[in-house]
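The values are calculated or read from the model by the stated rules, or taken from the named source; none is laboratory data. From a predicted model like this one, the values you see are computed outputs, not experimental measurements. Positions of Cβ are generated from backbone atoms using ideal geometry, with glycine treated the same way; all protein chains shown enter the neighbour counts.
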Protein chains: 2
Amino acid sequence: MLANQGATAKIARPTTLRESVFEAILELIIVGNLEPGQHLVENELADILGVSRQPVREALQLLSGEGWVDLRPGHGAFVHAPTVAEADQLLAVRTLLETESARLAARNSDEPGVAQLRMLCARGLAAFESDDVDGSVAANSELHAAVTALSGNQVLAELTSQVARRVRWYHTPVARQRGRASWDEHTALIDAIADGDEELAAEVMRRHTEHTRHSYLEQRAGHGEESVSAPARRRRPRAAATS
Amino acid sequence: MLANQGATAKIARPTTLRESVFEAILELIIVGNLEPGQHLVENELADILGVSRQPVREALQLLSGEGWVDLRPGHGAFVHAPTVAEADQLLAVRTLLETESARLAARNSDEPGVAQLRMLCARGLAAFESDDVDGSVAANSELHAAVTALSGNQVLAELTSQVARRVRWYHTPVARQRGRASWDEHTALIDAIADGDEELAAEVMRRHTEHTRHSYLEQRAGHGEESVSAPARRRRPRAAATS
DNA sequence: GGAATGTATGCTGTAGGCAGTCGACGACAA
DNA sequence: TTGTCGTCGACTGCCTACAGCATACATTCC
């Protein structure tokens with residue numbers, strides 16, 4: 001028998017080429033190297049990534065399934081150009097899903113689960129106060145994921161994470177400016193979950209996500225842009241959502 | 001200038017082979033010709049459907065995206081075997097999404113929208129009373145889709161329709177036994193939407209979907225089966241959901 | 001000069017084929 | 001009899017090639 005493989009268990013997962021391509025293209029979209037509406041020519045991507053067209057095609061279809069690209073039959077793939085209205089709708093759905101997650105999390109909360117939430121919250125707050133933006137962002141994502149996991153509803157958790165990932169693309173520039181308040185709200189949320197107060201947890205989460213939504217809309221209101229991800233173009237956003 | 005082309009505008013949409021394959025395999029799964037857990041060999045499907053492996057592969061990945069099949073890298077595709085717990089979670093999410101849809105529909109309802117709802121409801125009720133199961137089922141789906149469309153939230157509508165489609169697979173045998181009550185609830189729902197009573201519409205929809213969920217769970221409770229779609233195997237279910 | 005048509009180019013959709021890999025089965029040894 | 005190893009078969013993942021179609025441009029006709 002081999003030695004402890006715990007550390008390698010995760011990377012031992014046989015990763016296919018199309019998944020790598022999926023991640024690579026998604027990164028290009030989020031970073032802004034690929035502009036909204038841009039035509040993604042399969043051959044070009046294949047050449048850039050050093051693979052054939054086949055895994056590129058499959059990756060593009062995966063991306064289409066999550067709403068990152070639009071697939072027009074006979075015309076190929078285009079980077080999805082989100083409108084302000086769509087972003088607003090997405091944020092509304094996010095609020096709905098996460099609010100329910102918080103409610104269920106309060107209902108099903110247990111000792112180790114709450115402990116993990118507090119740990120993630122402490123880590124995120126520490127990262128925020130030491131200006132570690134990446135760390136803060138990562139902790140935020142993990143915290144929200146942990147809440148949905150606590151809900152006990154796997155389907156809800158998957159849907160939520162998928163929506164949250166798309167949301168992160170949109171309001172990335174917004175979130176950083178309200179980082180401190182965000183972490184205070186996280187603390188209140190965890191308290192409510194620990195108390196098993198379903199209604200309070202739901203209300204706190206609802207207000208928490210709506211704050212982000214309103215910040216986003218206010219910022220967008222003045223611009224009057226149709227494509228909401230324009231400011232993310234061309235340069236790598238160092239900060240991401242902390243909602 | 002040519003004559004009126006309105007009738008041909010719709011079929012002009014270029015449908016790809018992989019979409020046809022997607023529909024075909026989905027049909028095989030829903031009908032029960034493909035049993036949960038069954039290994040879907042690409043070559044076999046390609047032979048059966050008279051196409052090459054490529055569109056089959058792409059269709060399987062689409063199916064995976066919607067949760068119909070599980071893709072294990074290096075092993076291929078397997079028909080998803082849903083558990084009772086998963087079906088329950090799915091029904092819970094469906095309730096959440098449709099309840100919000102109803103609330104928003106009441107908020108945004110307009111004259112033509114309500115008129116369409118009433119038309120669909122009348123058609124469905126007529127079909128039900130004349131034992132036209134297929135017609136009743138179709139009207140039911142269209143009615144729910146129309147409600148989500150009225151919500152004005154496209155993202156919510158897409159998510160809801162996707163979840164609803166999966167739900168239909170599970171509780172197909174359950175729904176027919178409460179067809180009449182279901183249509184009465186539909187009428188109450190439309191009234192609430194027409195009145196613009198958000199809370200009432202939401203509550204009616206919540207109770208409506210929860211009815212289905214409880215019926216489902218009660219039926220399942222006695223069986224103690226792990227795979228919930230077992231009863232749908234091997235023969236074509238003539239009736240489908242009217243929830 | 002403008003419009004319609006022919007032509008060229010580039011991309012997608014699909015087919016066929018090859019190598020790598022996983023699992024099953026049987027032989028062999030303890 | 002049981003555990004282990006090697007071989008075989010089958011299937012997946014990926015690559016290359018071809019056909020169809022749409023678009024853009026050049027050409028010809030009115």
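The table that follows gives values for the structure above.
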| quantity | calculated |
| --- | --- |
| Of all residues making up region B:70-97, the number that are within 11 Å of DNA strand D (Cβ to nearest atom) and of a type in the set (G, A, S) | 3 |
| Whichever residue in region B:14-37 is more than 20 Å from the chain's Cα centre (by Cα) and over 16 Å from B:G67 (Cβ atoms) and, among such residues, is surrounded by the most Cβ atoms within 10 Å (Cβ to Cβ) | B:R18 |
| Candidate set: region A:131-160, residues that are among the polar types (S, T, N, Q) and modelled with pLDDT under 90; chosen: the one nearest to B:A92 (Cα to Cα) | A:S141 |
| Failed criterion for A:P14 (all others in (1) within 11 Å of another protein chain (Cβ to nearest Cβ); (2) modelled with pLDDT of 85 or more; (3) within 11 Å of DNA strand C (Cβ to nearest atom); (4) not in a strand (DSSP E or B) hold) | (2) |
| Per-region count, region B:13-34, residues over 24 Å from A:T16 (Cβ atoms) and within 13 Å of DNA strand D (Cβ to nearest atom) | 3 |
| Subset of region A:64-77 (residues that are within 13 Å of DNA strand C (Cβ to nearest atom), more than 10 Å from chain B (Cβ to nearest Cβ) and within 24 Å of the chain's Cα centre (by Cα)) | A:V69, A:D70, A:A77 |
| Single unsatisfied condition, A:E86 versus (1) surrounded by fewer than 18 Cβ atoms within 10 Å (Cβ to Cβ); (2) away from DNA strand C (no atom under 16 Å from the Cβ) | (1) |
| Matching residues in region A:37-57 - criterion: being near DNA strand C (Cβ under 10 Å from one of its atoms) and not aliphatic (A, V, I, L, M) | A:H39, A:E42, A:N43, A:E44, A:S52, A:R53, A:Q54, A:R57 |
| Residue list for region B:40-57, restricted to those being within 14 Å of another protein chain (Cβ to nearest Cβ) and either of a type outside the set (D, E, K, R) or away from DNA strand D (no atom under 11 Å from the Cβ) (or both) | B:S52, B:Q54, B:P55, B:V56 |
| Checklist (1) within 13 Å of another protein chain (Cβ to nearest Cβ); (2) within 19 Å of B:S161 (Cβ to Cβ); (3) out of contact with any helix residue (DSSP H, G or I) (no Cβ under 6 Å at 6 or more places or on another chain); (4) crowded, with 16+ Cβ neighbours inside 10 Å applied to B:L60, failing item | (2) |
| Residues located in region A:40-54, provided they are more than 24 Å from the chain's Cα centre (by Cα) and either under 26 Å from A:R168 (Cβ atoms) or not in a helix (DSSP H, G or I) (or both) | A:V41, A:L45, A:I48, A:L49, A:G50, A:V51, A:S52 |
| Filter result for A:D70 (under 30 Å from A:Q54 (Cβ atoms) and among the charged types (D, E, K, R)) | yes |
| Which listed residue is within 16 Å of DNA strand D (Cβ to nearest atom), on the phi > 0 side of the Ramachandran plot and touching a residue at least 40 places away in the same chain (Cβ under 8 Å), from A:G37, A:G67 | A:G37 |
| Sole residue being under 16 Å from the mean Cα position of the chain (by Cα) and closer than 29 Å to A:V163 by Cα, chosen from B:S136, B:S109, B:S101 | B:S101 |
| The one condition in (1) of a type outside the set (S, T, Y); (2) in contact with a Lys or Arg (Cβ under 6 Å, 6 or more places away or on another chain); (3) surrounded by fewer than 18 Cβ atoms within 10 Å (Cβ to Cβ) that B:R72 fails to fulfil | (2) |
